[in-house]
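**Student:** Got a structure for you, written out below as structure tokens; questions coming shortly.
The values are calculated or read from the model by the stated rules, or taken from the named source; none is laboratory data. All of these numbers come straight from a predicted model, not from anything done at the bench. Here the Cβ is made from the backbone with ideal geometry for all residues, glycine too, and neighbour counts use every protein chain on show. Ligands, DNA and RNA are stripped out before the accessible areas are found, and what is left, the full protein with its side chains, is counted by its heavy atoms. Shrake-Rupley method; radii C 1.70, N 1.55, O 1.52, S 1.80 Å.
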Amino acid sequence: MSSANLVRLASGARTALSQISTRALHSSQTPASTVAATATSLPTKWSAGSVDLVNRLRDQQKYYATVVIKGRPFTVTQNDIIIMDRIQELELGDSLALNQVTELGSRDYTIKGQPFIDSSLFKVEATVIEHPDGKLFTVTKKKRRTAHQKVTYHRNRHTMLRVSAID
């Protein structure tokens, strides 16, 4: 799992995994300096026009986000279900804040990042709802002119996420 893809919500505080090592992901404690670094106020580098455009997008009834999870882009709206490759560290009911968003948009407005949009301008949350197994694949290996034949079976493992909020 790429550590910059996801943000785990621990006791209501957003903790950026890009700032925490993978070893800290497995521990139950989060550094206090990281929690303090993720303030909800807008950065000073954004102009008033950019903030106005973001607020216009928020006034729309429905909008979408293109998020990148484990290197793959997914275009999602609220209550969508994402089926992706298994992430072993996640358990059922875990909440994730997806912080790598390349595009936010609605019918009238679109905001594109270069390559990503600053995470202080939006909030995309998802919840793990299931860890299903994929369909059964049969792999047959055979050598000609001999009786040698080998059959193996394979199932892909998946993780299902429900997008609970796009703000």
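**Student:** Once ligands and nucleic acids are excluded and a 1.4 Å probe is used, how much of Glu89 is accessible, expressed in Å² to the nearest 10?
**Tutor:** Number for this one is 60 Å².
**Student:** Can I ask one more? Give the peptides 49-61, 112-124 in descending order of average Cβ contacts within 10 Å, highest first.
**Tutor:** Details: 49-61: 12.4, 112-124: 15.5.
My ranking of the peptides, most packed first, is 112-124, 49-61.
**Student:** List every residue whose amide H lies under 5 Å from the amide H of Ile87, counting only residues 5 or more places away in sequence or on a different chain, with H placed 1.01 Å from N in the peptide plane.
**Tutor:** Thr159
**Student:** Accessible area per residue for region 127-167 in Å², computed with a 1.4 Å probe and the full protein assembly in place, what is it?
**Tutor:** Working: 3140 Å² over 41 residues.
Each residue of region 127-167 exposes 77 Å² on average to a 1.4 Å probe.
**Student:** Follow-up. Note down the nm distance, to one decimal, between modelled labels 7 Å out along Cα→Cβ at Tyr109 and at Lys141.
**Tutor:** About 5.7 nm separates the two model spin labels.
**Student:** Which semi-axes, in whole Å and largest first, does the equivalent ellipsoid of region 79-123 have when worked out from the alpha carbon gyration tensor as the square roots of 5 times its eigenvalues?
**Tutor:** Working: eigenvalues 124, 33, 22 Å².
For region 79-123, the ellipsoid semi-axes come out as 25, 13, 10 Å.
**Student:** Using 0.36 nm times the number of residues separating Thr75 and Glu130, minus their current alpha carbon distance, what extension gain do you get?
**Tutor:** Value of the extension gain: 17.8 nm.
**Student:** So, one more: Normalise the Cα radius of gyration of region 32-161 by 2.2 N^0.38 Å (N = residues in it) and let me know the number.
**Tutor:** On the way: Rg = 21.3 Å, N = 130, 2.2 N^0.38 = 14.0 Å.
Relative to the 2.2 N^0.38 Å estimate, region 32-161 comes out at 1.52.
**Student:** For region 69-167, which whole-number percentage of the solvent-accessible area (1.4 Å probe, protein heavy atoms only) is attributable to carbon and sulfur atoms?
**Tutor:** Working: 2800 of 6340 Å².
Percent of accessible area from carbon and sulfur atoms in region 69-167: 44.
**Student:** Would you mind calculating the relative contact order of region 93-166 from Cα pairs under 8 angstrom and at least 6 residues apart, reporting the percent as a whole number? Can you show the working numbers first?
**Tutor:** Values: 121 pairs, mean separation 23.5, N = 74.
Once normalised by length, the contact order is 32 percent.
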